[in-house]
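The values are calculated or read from the model by the stated rules, or taken from the named source; none is laboratory data. Note that the structure is a prediction, hence the values are computed from the model and not measured. Quick reminder, even Gly has a Cβ in these numbers, built from the backbone with ideal geometry, and neighbours come from all protein chains shown.
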Amino acid sequence: MSWFTSLFINTLGPVGWTLLALVPPAIIALYFLKLRRQPLEVPSTFLWSRTIEDLHVNSLWQKMRQSLLLFLQLLFILLLILAVLRPGMEGDQQLVGDRFVFLIDNSASMGAKDEQSDRTRLAEAKRRVLEMIDQMEGGDVGMVVSFSDRANVVQQFTDNQRVLASKVSAIEPTEHTTDIMEALRVASGLANPGQSAFEEGDVQVADAKPATAYILSDGRFQTITEFSFGNLQPVYLPMGSFNSENVGILAFTTQRNTERDDQLQVFARIARFGAEPKEVTANLYFNDELLDVARITFNEEDGTGGAQFDLGNLDIGKLRLEIEHDDLLPADNIAHAAINPPERAKVLVVSAGNDYLKFALGTDQIRRIADVTLVDPSYLTGEDYPKEAASGRYDVIIYDDCVPETMPESNTVFFGQRPPVDGWKFGEEKVLPQIIDVAQSHPIMAFVNLGNVSIYKAAPLETPPGGVTLIESDQGALMSIAPRKSFEDTVLGFAFLTSEDDKTFYNTEWTKRLSFPVFIKNLVEYLGEVKQGQGETSIRPGENFTFRSYGFAKEVHIKPPSGRTRTISPTSDNLFSFGETDMLGTYEVREGDSKDVSQYFSVNLFDAQESDILPKAEIETQWETIEGESAWLPMRREYWKWLVVLALIVLLVEWYIYNRRVYV
């Protein structure tokens, strides 16, 4: 009888059922008692035949055969009895509340197709949301938000189930990483108060009314912090199999051999997420031609492996690394790298004469990465300087104890002088300040050791907003760097030479230390934006790629791995920014009317969080743990309302037939 109890729910007690069971026999009994006789004068022979016929009519089956009204009344009572029994069937999902926010993860890992599944995780998430939308009742409202590393409000609150379903079906997969925080903030902001989009227009739903947030994701995102769900009731529905394994490329970089400029080195790091495989084969392609093959064995402790390829002199082109492994997420099995000609920084040095500075700028390492031009400070007052400064001809200009009237469209370095920019201030000059800290984490100060370096006179600096202190002393900051539009200005609070009593001498012994040429090289590389490898030309999906034109082009044309070519123009400071980078692969940049590629840049996933496709069973927040619901909550679809409607229709038909017989 388990099928009977699951099909019907008894809502009446014994007394109620007894009374209800007596109704059908009572209706039938009333029909037996209802006999209509009309007095008529007839011949005696006719009387006998009518009497026999009347006895036949009084039989049970004959009366019931002739009474349509009896049948309709019994059918009405039967439908009411069935309605009271509350027939129904078990469903999959029970929606909680009447306002719903569907958060659908469409990041890269949701493109995984789990074993024994014919659809991706995103497709499964959309299917489940469509089921829930179908279960919404009249008056319920829903909102749809897709998210990866950014949130997209696909549909604001509406009670139109057709619109919700169409917007869910239109959600496309992405190759982006995952960050749920923006999606939660969007959902919280729109859920309280909410708006409902009816066909006539948007109307207010209800203020401070709770909503249920269904999170359909594999949980591959960070712990939720500094967020209060408030009126949002989170329900986490994990997508994917809990025995998923994957292999992915986490890094693919190139660099020029420091000892041999004509040799390019390629490095790859691969990780496995699971017990298998033990090793994989990696194929390296250059411009779609197979260049090299490596067998990579994974470390049993951390599951990572690497490979190094030593190549010859490759000037410009596209590198592609593919691993031979059939897994659930193909997106991280391929990595791309752009090979561009080594960029030589254009450096202008304005100095009255500093032998140590000239020596540091004349080393072999500087000559390999930069073209250095030395001029006297009188050049700043000539006719050529304003034009060249405004054109952005130089990547970096070094002012050695001198100052221009206007700042150039370049990165700058000031030794011993304050730049003509608001926010920079020099304090009172101090004697023998003691260096107490060096920001060696910054590229300019990397490997720069200033221990026991003495400085005779220096002025503490006040830095504009956004600035970073590079050298700190007991008297204040002695060196800082700060942004200016798309450029950066580096200021040293002391000069290398000083004068007293008509005598000139060195203000510091730093110029005689081995760390000084290292410091100058760091300046040129960082401010000159020198790229010895492809690290700066590889970005993640969705990030902006910012670059400068080699030939001061008025526009550049960017061709993605597939699709139409985009044309962009520079900003006022000759800077190009391209943000349509959703597609993995290598992008081609052409300047002006040139048909030749001037440079490449690549877009790669490179995210261990996305490559580790094992779904999380729960979501961690700062205050609580949200357990995942691996199966739908039980739901019972009841049909008693339809039975009541059908019973009323039967009653109306019975009323109509009765009135037709009485008045016709």
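Assessment of the range 134-150 against the conditions (touching a Leu at 6+ places or on another chain (Cβ under 8 Å), in contact (Cβ under 8 Å) with a residue 60 or more places away in the chain and in a loop (DSSP other than H, G, I, E, B)) yields at least one matching residue. The set of residues in the range 297-315 being buried (at least 19 other Cβ atoms within 10 Å of the Cβ) and not in a strand (DSSP E or B) consists of PHE298 alone.
In the range 491-514, the count of residues that are among the β-branched types (Val, Ile, Thr) and either within 27 Å of the chain's Cα centre (by Cα) or modelled with pLDDT of 95 or more (or both) is one or more. For the residues TYR658, TYR600, the requirement of being farther than 22 Å from VAL235 by Cα, surrounded by 14 or more Cβ atoms within 10 Å (Cβ to Cβ) and modelled with pLDDT under 90 singles out TYR658. The residue that is nearest to ASP489 (Cα to Cα), counting only those in the range 527-573 that are out of contact with any Pro (no Cβ under 9 Å at 6 or more places or on another chain), buried (at least 16 other Cβ atoms within 10 Å of the Cβ) and modelled with pLDDT under 80, is GLU536. Looking across the range 232-247 at every residue that is assigned to a strand (DSSP E or B) and touching a Lys or Arg at 6+ places or on another chain (Cβ under 8 Å), the one that is farthest from ALA608 (Cα to Cα) is identified as LEU237. Among the residues making up the range 447-476, a single one is surrounded by 12 or more Cβ atoms within 10 Å (Cβ to Cβ), among the small types (Gly, Ala, Ser) and within 33 Å of the chain's Cα centre (by Cα): GLY467. Against the test of being assigned to a strand (DSSP E or B) and small (Gly, Ala, Ser), the options ALA275, ALA271 yield a single qualifying residue, ALA271. Sub-8 Å Cβ pairs linking a first residue in the range 482-502 that is of a type in the set (Gly, Ala, Ser) to a second residue that is part of a strand (DSSP E or B) and surrounded by fewer than 19 Cβ atoms within 10 Å (Cβ to Cβ), at least 6 apart or interchain, are ALA482/VAL468; SER486/THR546; GLY493/PHE426; SER499/PHE505, ordered by first then second residue.
Just the residues that are of a type in the set (S, T, N, Q), part of a loop (DSSP other than H, G, I, E, B) and closer than 17 Å to THR586 by Cα, please, taken from the range 321-365.
Initial filter on the range 321-365 (of a type in the set (S, T, N, Q)): 333, 340, 351, 354, 363, 365.
Remaining after also requiring part of a loop (DSSP other than H, G, I, E, B): 340, 351, 354, 363.
Within the range 321-365, just ASN340 meets the criteria.
Filtered by the rule that a residue be assigned to a helix (DSSP H, G or I), farther than 19 Å from GLU610 by Cβ and acidic (Asp, Glu), the range 113-133 gives a lone residue, GLU131.
Working only within the range 96-113, note down all residues that are crowded, with 20+ Cβ neighbours inside 10 Å and either over 16 Å from ALA151 (Cα atoms) or hydroxyl-bearing (Ser, Thr, Tyr) (or both). Talk me through it step by step, then tell me what you get.
First pass over the range 96-113, keeping only residues crowded, with 20+ Cβ neighbours inside 10 Å: 99-112.
Within the range 96-113, ARG99, PHE100, SER107, SER109, GLY111, ALA112 qualify.
Of all residues in the range 403-462, those satisfying the criterion of being in a loop (DSSP other than H, G, I, E, B) and either of a type in the set (D, E, K, R) or not assigned by TED's automatic domain parsing to the domain that holds ARG393 (or both) are GLU405, GLU409, ARG418, ASP422, GLU428, GLU429. Of the candidates LYS318, LYS387, the single residue that is assigned to a helix (DSSP H, G or I), under 27 Å from SER598 (Cα atoms) and not assigned by TED's automatic domain parsing to the domain that holds SER572 is LYS387.
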